[in-house]
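Right, one structure below, let's go through it.
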Amino acid sequence: MTTQTLRHTRVMAGMQTAMAHNTATTTSDWKQALPVLTGSMVTLRELRISDAASLLAMLSTEEVARFISPPPTTIEGFERFIAWTQRERAAGNYACFAVVPHGMDSAIGIFQVRQLEPGFGTAEWGFAIGSAFWGTGVFMDGARLVIDFAFEVIGTHRLEARAAILNGRGNGALRKVGAMQEGILRKSFLRHGEYLDQALWTILDEDWRQQRVVWGAQIH
Ligand SMILES: CC(C)(COP(=O)(O)OP(=O)(O)OC[C@H]1O[C@@H](n2cnc3c(N)ncnc32)[C@H](O)[C@@H]1OP(=O)(O)O)[C@@H](O)C(=O)NCCC(=O)NCCS
């Protein structure tokens, strides 16, 4: 089987898996435009410049921004960030999804995936959601969609995440989604002039597929 055929087969398999998990994928060529992924509570879609105001309101609060790289502090700053996400997606380096709860139009958070090596074999994901939506199930719904996207569409085999040890919700969310804590990255994250320890969490494609079988068994 040629590399191209293999890639095509994997994309098609990913599309079928995505459909089986109630996600609707509108395109497989994510570098042209991100697919729209539909879960039970949220839709994930490409960021739009018009999302800037709602993202500023949702992500620039103290509780959301405490343990992440500082988000923009103005609408114009978010507009520049959104334009940058689209350029990086087109270059094939990165994907950033807006989180839009069903019944709403505006983005209440983001999921990001970036390659850590050419071809996305190892990738890193990150997420931030407005605090009004914490503990509602929105995170888990969106996380499953974006992890499926990474493994089945982009072709990632190892998905890493870093969370400051002090970030209880961030670490709790990663544990809940089935990530494995591999170790502590000592003083690896500079925040407010202080180096913080981070936990390194990983999900492997094979573990994710196995976990989905378990979820499927629980559902039926
Ligand atoms: C990270 C984030 C997206 C998670 O979304 P969320 O809706 O808060 O997540 P959930 O409530 O579904 O899951 C968090 C879990 O952590 C648990 N948790 C909360 N505080 C905790 C603490 N101090 N220690 C351990 N676990 C904790 C919660 O109980 C929950 O588990 P449960 O559902 O089994 O009770 C959201 O909190 C957020 O945007 N935070 C700010 C940005 C950020 O820190 N991003 C992560 C960077 S790694």
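The values are calculated or read from the model by the stated rules, or taken from the named source; none is laboratory data. For clarity, every value in this text was computed on a predicted model and none was experimentally measured. Here the Cβ is made from the backbone with ideal geometry for all residues, glycine too, and neighbour counts use every protein chain on show.
Summary table below
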{"item": "Residues of region 121-135 that turn out to be aliphatic (A, V, I, L, M) and more than 6 Å from the ligand (Cβ to nearest atom), as a count", "result": "2"}
{"item": "Meets criteria (in contact with a Leu (Cβ under 8 Å, 6 or more places away or on another chain) and without any contact (Cβ under 8 Å) to a residue 24 or more places away in the chain) for I75", "result": "yes"}
{"item": "Residues of region 102-135 classified as out of contact with any Ser or Thr (no Cβ under 9 Å at 6 or more places or on another chain), in a strand (DSSP E or B) and surrounded by fewer than 20 Cβ atoms within 10 Å (Cβ to Cβ), total", "result": "2"}
{"item": "Criterion (more than 26 Å from L34 (Cβ to Cβ) and of a type in the set (S, T, Y)) met by exactly one of S131, S188", "result": "S188"}
{"item": "Segments classed as helices (runs of 4 or more DSSP H), wholly inside region 23-94, with at least 1 members that are farther than 24 Å from G135 by Cα", "result": "75-90"}
{"item": "Candidates S54, S50, S28, filtered to the one that is at pLDDT 95 or above, small (G, A, S) and away from the ligand (no atom under 16 Å from the Cβ)", "result": "S50"}
{"item": "Elements of type strands (runs of 3 or more DSSP E) contained in region 136-220, each with 1 or more residues being over 28 Å from G92 (Cα atoms), away from the ligand (no atom under 16 Å from the Cβ) and of a type outside the set (G, A, S)", "result": "180-191, 194-204"}
{"item": "Total residues in region 44-66, condition farther than 17 Å from E88 by Cβ, touching a residue at least 24 places away in the same chain (Cβ under 8 Å) and not small (G, A, S)", "result": "6"}
